[in-house]
1. Can you work out which of the residues in segment 561-583 that are assigned to a loop (DSSP other than H, G, I, E, B) and in contact with an Asp or Glu (Cβ under 6 Å, 6 or more places away or on another chain) is nearest to V252 (Cα to Cα)?
2. Any idea which of S362, S306 is touching a residue at least 60 places away in the same chain (Cβ under 8 Å), part of a loop (DSSP other than H, G, I, E, B) and of a type outside the set (F, W, Y)?
3. Is it the case that some residue within segment 236-254 is farther than 21 Å from S568 by Cα and at pLDDT 95 or above?
4. Return the only residue of K492, K503 being in contact (Cβ under 8 Å) with a residue 40 or more places away in the chain and of a type in the set (K, R).
5. Starting from residues that are in contact with a Lys or Arg (Cβ under 9 Å, 6 or more places away or on another chain), of a type in the set (G, A, S) and assigned to a loop (DSSP other than H, G, I, E, B), keep the ones in segment 444-470 and report whichever is farthest from Y390 (Cα to Cα).
6. Hey, does segment 451-465 have a residue that's in contact (Cβ under 8 Å) with a residue 40 or more places away in the chain, on the phi > 0 side of the Ramachandran plot and charged (D, E, K, R)?
7. Only one of (1) buried (at least 20 other Cβ atoms within 10 Å of the Cβ); (2) modelled with pLDDT under 95 is not met by S271, so which one is it?
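The values are calculated or read from the model by the stated rules, or taken from the named source; none is laboratory data. Because the structure is a prediction, the values reported are computed rather than measured. All Cβ positions, glycine included, derive from the backbone under ideal geometry; neighbour counts span all protein chains shown.
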Amino acid sequence: MSQPPNQPPQPGGFGAPQDQPPGGFGAPQTPPPPQGAPQTPPPSGPPQPGYGYPQQPGPYAQPGPYNSGPYAQPQQPGPYGSQPGYGYPQQPTFPGGPGTPPPGGSGSRNPFKGRPALVIAAAVAALAVIGGTVWAVTGTGDDGEKKKPVAQKSDDAKPAASGGAPVNPGDGSGDGDEETADLNEGRQAGESKVLWYKEAPDAPGSGADAQGMWITDKTAVKAAYKQLFAYDVTDGKPTWAPITFPQKICAVTPEKTAQDKIVVAYMSGTSDRAECNQLQEIDLATGKQGWKQVVPDGELFDSTLSVELGVSGNTLMVARSQSGTAYDVTSGKKLYDKKRYGDACFPAGFAADATSLVQVASCGAGGDNEHDEVQGLDPKTGKVLWTYKYDKGWRVERAYSVAPLVVYATNEDKKVWNISSFTASGRVQAQVGVQEDFAPECGWAILERDLQGCTGVVVADNTLYLPTEATSGANEIVAVSLADGKEKWRVKSPVDETMLPMKAEGGRLIAYVEPSYDAGGQVVAIPTTGTAHTPAKLLQNPQGAADIEGSFYSRDIDWADGRFYIASTRLTGNDDAKEKLMLAYGK
């Protein structure tokens, strides 16, 4: 088994992808430990087939609207000629985690289907440094297509409401047409009810983003195109007047602050030179607009054409294409910049949670030392706390969690992926050794890495919960230990539809089961401890709303205080179809 060349030990652990042994990888197994170290027996089980080339049209082909229409992504020029990936940020080769969906819904095939490859030590002696068992696995999986409700546009020719709040009053009646006259009609005993339903404001023909959904104890706030809407969580009535920005919203903080504030970025104009650099703080409780800021451009090739926002404690990080600027989220005051460093390393993305901030850097573009690095940062000062270096050929795509840090990475050459968990000091704790086709729903980033743009993946209590791909009928949720990368348990969807984890609370995993042609969706609770993990139904949504529930063009989902929310994250701009904005269920 050959080792990657020229990889000395790195502070905080080793990240060298391991080469394929002759004959392909077999069942999960532990590499030989350093001389004199305790011997660890390999796990039992039948051998698994080695990996091959993905069986799909082209190595990275994505079905659906990525290849044509409004989501066809133009190639981004770079300062290094045709060198992809590192010289200039462009759309990622692999737009998400395993099972990354097109905007029309979940379930496009994974270009690394069934082919995990584990990031192991650069030298065998590194195993003495990395705490935790390391497995190397691979598999093949079948090529069946996932069956689920398809995002369909309504045949109703009535255009959506233009501007302002959606016209329906929030009682589940839509705007009074036959299709949505009463979404609770025929509701059966024990079923939940539609608390309210909102249609989207008008959007341009090229489409518009509707990113962001924030739920407080009283208010549900939704962004759509140029506006923010606020609805009472119980009846959908507006809690404050819609906020209309001068230009389209281009980025938002995914999570609200501890003070129920968010930050919205909107474009500086409408021309081709317009930038996503206007920041506005918003109070979710009142709709009051707080501080404003203009994000400056970075150096050459480092623009604010597109940005990503994240909040850690009182620090707001604004990520440009090749740098980041931190602000005090309570005042808008600039704190520090994160710029190029070392051997041509530039920040390519950031991930944040309430206490932690992580930076992913792209280094050595076009050279022998080309690689990605992950760094833990002090959110208050930007000081680097630790650095973890991946080997050449590996690209960090997603951070499934920040504290604890769980990273999904891909290798373009080997057509394999890796999921690793890290300790607080930046050492590899374990790597997922489960042979499976995982299918969280992940978004698409063009000029920067959308590290936290995935739903359908949960990390809690030292456990990673991932949905499998449903090739036909029901899928499963797999619980993976972050301590050793092994499967703890798995549970099948209670019906022949996809089940996605949403969040963990009270010793339970809360999951969403998608609707079918003759039944609404479900919200279920799965016990995370003990030996029984049977889903218990929390909500059974009414059949009368199943068509709307199952046909959001691109969606976000949430569960809060016993209510289930589903909302659009992208508007098509098609005036021949009424577009959906948000739907809320409860008892």
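1. T569
2. S306
3. Scanning segment 236-254 turns up at least one residue that is farther than 21 Å from S568 by Cα and at pLDDT 95 or above.
4. Step by step, each of K492, K503 is checked, and only K503 is in contact (Cβ under 8 Å) with a residue 40 or more places away in the chain and of a type in the set (K, R).
5. A470
6. yes
7. (1)
Here's the yes/no breakdown for (1) closer than 25 Å to K222 by Cβ; (2) part of a strand (DSSP E or B); (3) of a type in the set (G, A, S):
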{"site": "Q278", "(1), (2), (3)": "yes, yes, no"}
{"site": "A326", "(1), (2), (3)": "no, yes, yes"}
{"site": "S331", "(1), (2), (3)": "no, no, yes"}
{"site": "T355", "(1), (2), (3)": "no, no, no"}
